[in-house]
Amino acid sequence: DYVVVKMIPDNRLPPRHLHSVHTGKTFAVIKWESPYDSPDQDMLYAVAVKDLVRKTDKIYKVKTRNSTVEYTIKKLEPGGKYHVIVQLGNMSKESSMKINTVPLSAPDALKIITENDHILLFWKSLALKESNFNESRGYEIHMFDSLMNITAYLGNTTENFFKVSNLKIGHNYSFSVQARCLYSGQMCGEPATLLYDELGTGEDSSAMQSSSSTDVAAIVVPVLFLLLVTLGIGFVVLYMRHRRLQNSFTAFANSHYSSRLGSAIFSSGDDLGDEDDEAPMITGFSDDVPMVIA
């Protein structure tokens, strides 16, 4: 023998297994189950979203007969903190949870440029990859001194660069840049961090500049020396060729000088290689002027 018993639904029970499925920068997907299995009618849920930063509330209504309910909360802020409450529309017992949305990304390509008495921080605009970021919000810059173990707030800017002065010799610094925090520092972007330790050797900026000049001189001086040596060798080669040509010409002239005639005899270019014809005599100097051979 058996008997079928049907339990009377208790609408005062809270929704079951409330949890977050996925959280983004501006939305959150939550999921829960009905207070009892297999509802036989539509159930009206009230989803209250409390902004813990702005201190505001929003209420959404969800009507469904499903045992498992999935709902997306939209229009949230990056880096926000929220308290979500789900209960039946008759204000029965509630289920609650807390949600933290994903903060804005860190700025890309953070770099440091060293000047004479200060440094410049540069980074890419966050608006290039974050549609929810407006440049008017700006960035804030922090500095951590590892030697003193102190973190300092340097300021904020709406530009993509920031000047930092009065750095101490021998200290290592870490700089971080992030989307400016809102509402008393409770809604911030992810920080981009870069270590700066070029002053760790104890050299000041003027010494670093002198070292850089010395390095340049170490490259330029050998190059100039090689150029001078090359030019010197070139002059020596040209001088030797000139002397060789002069000696060849002198020997050539002596070999064609006739002491009997008192003049030098040369063959014309047209008669070179012709053995049958007699070479015409060319008198290069008059008889009354003696020829002097150096």
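The values are calculated or read from the model by the stated rules, or taken from the named source; none is laboratory data. A quick note: this is a predicted structure, and the numbers were derived from the prediction, not measured. Here the Cβ is made from the backbone with ideal geometry for all residues, glycine too, and neighbour counts use every protein chain on show. The protein model used for the area step is the full one, side chains on, heavy atoms only, and it has no ligands, DNA or RNA in it. Shrake-Rupley method; radii C 1.70, N 1.55, O 1.52, S 1.80 Å.
Identify all residues within region 114-139 that are part of a helix (DSSP H, G or I), of a type in the set (A, V, I, L, M, F, W, C) and without any contact (Cβ under 8 Å) to a residue 40 or more places away in the chain; write none if there are none.
Passing the criteria: A127, L128.
Please determine, by comparing only the residues of region 157-195 that are surrounded by fewer than 16 Cβ atoms within 10 Å (Cβ to Cβ) and basic (K, R), which one is nearest to P107 (Cα to Cα).
The qualifying residue nearest to P107 (Cα to Cα) is K163.
I'd like the full set of residues that are over 23 Å from N116 (Cβ atoms) and surrounded by 13 or more Cβ atoms within 10 Å (Cβ to Cβ), limited to region 139-156.
Y139, E140, H142, F144, S146, N156, listed by residue number.
Please count how many residues of region 69-83 are surrounded by fewer than 19 Cβ atoms within 10 Å (Cβ to Cβ) and part of a loop (DSSP other than H, G, I, E, B).
Number of matching residues: 2.
Under 7 Å by Cβ, and 6 or more places apart or on different chains, what pairs join a residue from region 8-33 that is more than 14 Å from K75 (Cα to Cα) with one that is assigned to a loop (DSSP other than H, G, I, E, B) and open to solvent by 50 Å² or more (accessible area, probe 1.4 Å)?
Here the result reads N11/N90; R12/K93; L13/K93; P14/K93; P14/E94, each pair linking region 8-33 to a residue that is assigned to a loop (DSSP other than H, G, I, E, B) and open to solvent by 50 Å² or more (accessible area, probe 1.4 Å).
For the list (1) open to solvent by less than 80 Å² (accessible area, probe 1.4 Å); (2) of a type in the set (S, T, Y); (3) without any contact (Cβ under 8 Å) to a residue 24 or more places away in the chain, I need the number of the one condition that Y2 fails.
Result: Y2 passes all but (1).
Given the structure, is E94 among the acidic types (D, E), within 13 Å of R16 (Cβ to Cβ) and modelled with pLDDT under 95?
Judged against the criteria, E94 is a match.
Within region 84-113, how many residues turn out to be over 30 Å from E159 (Cα atoms) and assigned to a strand (DSSP E or B)?
Going through region 84-113 one residue at a time, the tally reaches 10.
Pick from V47, V21, V29: which is under 30 Å from S105 (Cα atoms), open to solvent by 70 Å² or more (accessible area, probe 1.4 Å) and either assigned to a strand (DSSP E or B) or assigned by the TED database to the domain that holds M187 (or both)?
None of the others qualify; the one that does is V21.
Restricting to region 98-108, and then to whatever is within 16 Å of V29 (Cβ to Cβ) and among the polar types (S, T, N, Q), can you tell me which residue is surrounded by the most Cβ atoms within 10 Å (Cβ to Cβ)?
Among those that are within 16 Å of V29 (Cβ to Cβ) and among the polar types (S, T, N, Q), it is T101.
Being open to solvent by 80 Å² or more (accessible area, probe 1.4 Å), in contact with a strand residue (DSSP E or B) (Cβ under 8 Å, 6 or more places away or on another chain) and of a type in the set (D, E, K, R) is true for just one of K63, K55. Which residue is that?
Going through K63, K55 in turn, just one is open to solvent by 80 Å² or more (accessible area, probe 1.4 Å), in contact with a strand residue (DSSP E or B) (Cβ under 8 Å, 6 or more places away or on another chain) and of a type in the set (D, E, K, R): K63.
All but one of (1) more than 30 Å from R180 (Cα to Cα); (2) surrounded by fewer than 15 Cβ atoms within 10 Å (Cβ to Cβ) hold for S95; which doesn't?
S95 satisfies every listed condition except (2).
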